[in-house]
1. In whole Hz, with x marking every Gly and Pro, tabulate ³J(HN,Hα) for segment 142-158 from phi via Karplus 6.51 cos²θ - 1.76 cosθ + 1.60, θ = phi - 60°.
2. Per the helix-only calculation at 222 nm, which mean residue ellipticity applies to the chain, given -39500 (n - 2.57) for every DSSP H run of n ≥ 4 and division by its residues, nearest 500 deg cm²/dmol?
3. Which residue, 245, 50, 280, has the most motion in a Gaussian network model of the chain that connects Cα atoms within less than 10 Å?
4. Beyond 26 Å, what percent of the Cα pairs of segment 103-221 remain?
5. In the neighborhood of residue 7, defined by Cβ-to-Cβ distances under 14 Å, what is the net charge if each Lys or Arg adds +1 and each Asp or Glu adds -1?
6. Residue by residue through segment 223-238, which ³J(HN,Hα) values in whole Hz follow from phi under the Karplus form 6.51 cos²θ - 1.76 cosθ + 1.60 (θ = phi - 60°), with glycine and proline marked x?
7. Residue-wise, which Karplus ³J(HN,Hα) couplings in Hz belong to segment 177-189, taking 6.51 cos²θ - 1.76 cosθ + 1.60, θ = phi - 60°, and x for glycine or proline?
8. D for segment 4-291, whole µm²/s, Stokes-Einstein with Kirkwood Rh over alpha-carbon pairs at 4 °C and 1.567 mPa s: what number?
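Throughout, read-outs are computed from the coordinates displayed, never taken from laboratory work. Note that the structure is a prediction, hence the values are computed from the model and not measured. Here the Cβ positions follow ideal geometry from the backbone for every residue, glycine too, while neighbour counts run over all protein chains shown.
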Amino acid sequence: MARLREWIGGARLRTLPLSIAPVALGTGAGGLLIDPGQWHPWRAVLALAVAVTLQIGVNYANDYSDGVRGTDDFRVGPSRLTGSGAARPRHVAIVALIFFALSALAGLVLTLLTGAWWMLAVGAVALAAGWFYSGGRFPYGYYGLGELGVFVFFGIIATAGSTFVQAGHVNFESWVTGGGMGLIACCALMANNIRDRDTDRAAGKRTLAVLMPQPVYRILYVVALLVPFVIAGLLAVVYPPIVLVLFGLLAALPACLIVLTAKSARELVLVLHLTSLVAVIYGVGLGVVFAL
């Protein structure tokens, strides 16, 4: 039976910056639309709960689906609960569904507070996307569509949704920086896919890293990680303090260099850490500037 430490490892807490950052960014962007006395702190907390529990649920769902599908039989990185046999597949699936339920509950409360019932449909689609990334008969993550899903749900929707629950509508700043946030989230997935390229191919998992020539995919990572800083630079013309966010390049540029030259999994794990750091600097930094 898996120990508590293994279950905590299965949650992949290192991925949580990718769900925290867009909520911070979207909440801050909402501050451009409302007066200081109109802040809704509990809505921000609930939006964060939706994002974090959804992220953890996706991580456990991915563990379950890859394990029962046999994809993790080829894994050379950290072992997974299902693939290693540390936990029964059914138990991992139940834990994933519990976190999905917690995300849905937080989303329901947000819907009741805002009165925007269409948010229930968006939440249902997000939950389905989380499960079918690697689950079901035709998981879209196995057909080169993982980056698209991450861009939409951990970039655009997470950022714009956090703005909406604060202000009741979404501004240009939230949409465009949400796109930047989505690109950074894609980069985290891309670094992971570069690391697992050979084992994914052996397992029949056709990620975009498997489908594309490796040099092209690595260059795509570099472009995706730097474009958000171009967006930030352009916004700095209107919001000068955003210049400080450009210090995130101190983490982004080394990550780009390592991706272009990496030959080992250890190097790409470092890229994952650097990409998560970029996400925090970008999301929280822009959010603070907008809020002030």
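1. Each residue's phi maps through the Karplus curve to give 8, 10, x, 10, x, 4, 4, x, 5, 4, 5, 8, 9, x, 4, 5, 5 Hz.
2. Numbers: 13 runs with 204 residues, N = 292.
Calculated from helices alone, the mean residue ellipticity at 222 nm is -23000 deg cm²/dmol.
3. 245
4. Working: 2093 of 7021 pairs.
So the portion of pairs separated by more than 26 Å is 30 percent.
5. Working: positive: 3, 5, 12, 80, 88; negative: 6, 63.
After counting each charged neighbour, the total is +3.
6. Karplus values, whole Hz, x for Gly and Pro: 4, 5, 7, 8, 4, x, 6, 5, 4, 5, x, 5, 5, 5, 5, 8.
7. Using θ = phi - 60°, the values come out as 6, x, x, x, 5, x, 5, 5, 4, 4, 4, 5, 5 Hz.
8. Numbers: Rh = 19.1 Å.
Stokes-Einstein gives a translational diffusion coefficient of 68 µm²/s.
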